[in-house]
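Participant: Dropping the structure in here first, questions after.
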Amino acid sequence: MSKKRSKVKGKRSKVICSLLPIKKIFYVLPSIFFLPSAVFAQDSTTIPSPPAVRAVVNSNADGPVSADGQLTLREAIKVVNGTLTPDRLSSAEQAQIAPATGGGSTIEFNLPSGATTIELQSVLPDLAAPGLTVDGGTQPGYDPNTSATAEIEIPIPLVTITPAPEQEVFRGLTVVADNITIRGLNMYGFNAEPIKQQLGSALIYDGKADPATLTTPPGNIVIAHRNPPPDISQQKPPASSFPFRERDVPPQNIVIENNWLGITQDERVPDRLSAFGVYAFNTKGTIIRNNRISYHAGSAIITSVRAENTQVVQNIIVGNGIDGMPDALRFEGVVDNSQVLGNLICANDGAGVYLFKPQGDILVQNNKITYNGRRLRRAAVFVMGSDHKVLGNEIDHQAGPGVVVTAFPENNLGKRGVAKRNEIRNNKFSALEGLSIDLNSRRNLGVIDFQRGDGPNPKRNSSNRRKDTGNAAINAPRFTEKAFAPSGSSATITGKADKGSEGAINRLSDYQRGLEAIYQPGYGALTEPLTIVSAGEDGEFTAQVENVQPGDMISAIATDPKYGTSEPAVATKIGTLDTPPNVNVTPRIEPINPPQCVSRPIPPPTPPTPTPPPEIPPEPIQIQVPRNVHFALDKSFISDESAEVLDKVAGVLKQYPFIVIELQGHTDPRASNAYNQALGKRRALSTRNYLLRKGIAPERMTIRSFGESQRKVPGGTDVVDYARDRRTEIIFKDIRGIELEIIDQEQDLQIEGRR
């Protein structure tokens, strides 16, 4: 690294994103540093806004500007930016350019049928014309009324923008001006090879120290201010506001709608993953609505330094975080008055919504957040900071708690202190591995605590309770009895809570699955809000609950306007202590209906047909399926032989969509427990990602690592014994009507010292 580069990094650099490798790096540095080069703007000088024009792209080619017969996307962007005058183009290209009829410029599409994929040779120029609309919905044949999904209707795009084969293009579209709209496009494959550096052993890939950094955020769409000229020798980075200066005004009022990001037009996982879907690096008032955002290496949507008033509305966000930052939505920086409303957030590798040291408040409301935590067991909604609201969401099947509120930092527009006033109400939880609401204490600062929560807090009255626990340690309510006798279909519930708080009484659907134990007695998922009650000055409350029956399990949360919402109360029962509970006690590995994030739209009804005679139930089906694949010593990549095995597994999973699987990674014993636990996870992850590319939905797969703890031959020291240890076990679930013959295959056994 040069002396000048080292000096820049020595300043108080702003951390902006996690490293997202494309291929073979599975453990990554937690963050990268943004260097003050011209990573966003291609033009180093400010130019006056050109006249608004309508430019129609009629060629899917890409390359240098040339006066040929057709207008490319690159040329159209330069024309609307004013950096390319029409007189440099041919008459045929000039015919595709006309004065705009509206307020701003538009880029439209009229590509030939069968040639609607634009393969980029390099990064496109910035979108620098205020008021510009890039509209893939203008392509002939585009139907705004069609949708591939029933849950949220999002039109199927026809125009695809992706890097050309063998070309590294780290960004798709870069927005640097106000009032820009991007609509109706399909974009994927935008990532960057990391810059390799030897930085110690913080990043490990197959036993080798191989860290890497990126100097610019990659992704499909990046929104940022126009950066200074590329000659960084002429500038001094500021000490406290890096990388921003007074002239770095954030683009405002950006609209990103009706796009498919990270997913191919035929709904596959692309061979080359994009790093992020939308990267809001520096922006204000951005609206991201009605997009389908899937299969990114990192987050679907991520903010960095400034993203006030961001609205994430009615998007389908599925299967993101495959190779890097695992959380579907990650909010960081100044995000005051942002909203996450009405989205489907499903089968992402980490949290559904992750608020990391945000400045300002966020509203998370009316979202379906389900089956997340497929790779890392995290809370469905992870909250840092104060004054956030998590309201009216459906949160279920999470490999972790429902909502976790950390103790620190408050970080509310520059303030520091304990996080508080986070309001968590009217949500419906079920099938969690943790509390519905978990308030972290200062004493529990490990990664697991921050990601999953630290479990129930004890009742506290100490003078420091407001200083060291999320939501200022508001106490959970306590019921006066372990069981309350019903009167018909109602019951009177009494208890105590912090004085002046408002309590919400909830019916429980199932027992929680704890972090270690299958059940955590006394706690359950807050599935159905029943009634609201106020605690008096003495903290006592009385609630009348309706439509209950003996065996119903009841819990409660309390919300104080000054401190926020509490953890759930230890449950009470309707009936007597001997009454069996009306809850679903579900084991950790349970036969369930196959998870499904999205479904096809229901076609219009067809005329009734005569009822056929009843069918004779089919005989049970018997099939053979492998249950394991093997790995080389200290490796986690899929060999050609293992690929053949997994192809058979994928075939079975495609044939029987009700089967779900758990992938369990294992190692031989010749390393530390911690190293082997990590290596086992990489092997399970590698197996999962191979099946993803074979078309197996992410919601049908979870991963788990057992490291060296479950050897094939306990105590074995032969190289063959070690080779059998190095495996991923495939656990099949919900095998209804099928007799699977599980084969312990060894055709891919990789024995060290043998070819």
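Every number here is computed from the coordinates shown, using simple stated rules; none is lab data. Computed from a predicted model, the values in this text were never measured in an experiment. Virtual Cβ from ideal backbone geometry, glycine too; neighbours counted across all protein chains shown.
Participant: Give the long-range amide H neighbours of Q339: residues separated by 5 or more places, or on another chain, with amide H under 5 Å away, using H modelled in the peptide plane at 1.01 Å from N.
Facilitator: It is T310, Q311, V312, L363, by chain and number.
Participant: Hey, what's the per residue convex hull volume over the C-alpha atoms of region 476-574, in cubic angstrom? List each step's numbers first, then the result.
Facilitator: Values: hull volume 8.7 nm³, N = 99.
Hull volume over Cα atoms, normalised by residue count, gives 88 Å³.
Participant: Let me know the charge dipole size of region 621-743 about its Cα centre in debye, to the nearest 20, where only the beta-carbon of Lys, Arg (+1) and Asp, Glu (-1) is charged.
Facilitator: My answer is approximately 360 debye.
Participant: If packing is taken as the average number of other Cβ atoms within 10 Å across a peptide's residues, how do 682-694, 595-607, 164-176 rank, most packed first? Intermediate results must be reported in sequence, preceding the final value.
Facilitator: Details: 682-694: 22.1, 595-607: 10.9, 164-176: 19.6.
Ranked from most to least packed, the peptides come out as 682-694, 164-176, 595-607.
Participant: Still on this structure, I have one more. What's the FRET efficiency of A67 with Q265 using the Cβ-Cβ distance as r and R₀ = 35 Å, to the nearest 0.05?
Facilitator: Approximately 0.65, to the nearest 0.05.
Participant: Label point 7 Å out from D87 along Cα-to-Cβ: which residues of region 47-73 have amide N under 19 Å?
Facilitator: Residues 48-53, 65-68 fall inside that zone.
Participant: Debye calculation, C-alpha points only, no solvent: report log10 I(q)/I(0) for region 621-743 at q = 0.15, 0.17, 0.21 Å⁻¹, in the same order as the q values.
Facilitator: -0.65, -0.81, -1.15
Participant: Another question, if that's okay. Could you pull out the pairs from K357/K428; K420/K467; K368/K420; K420/K496; K420/K562 whose alpha carbons sit more than 18 Å apart here?
Facilitator: Distance filter (> 18 Å) returns K357/K428; K368/K420; K420/K496.
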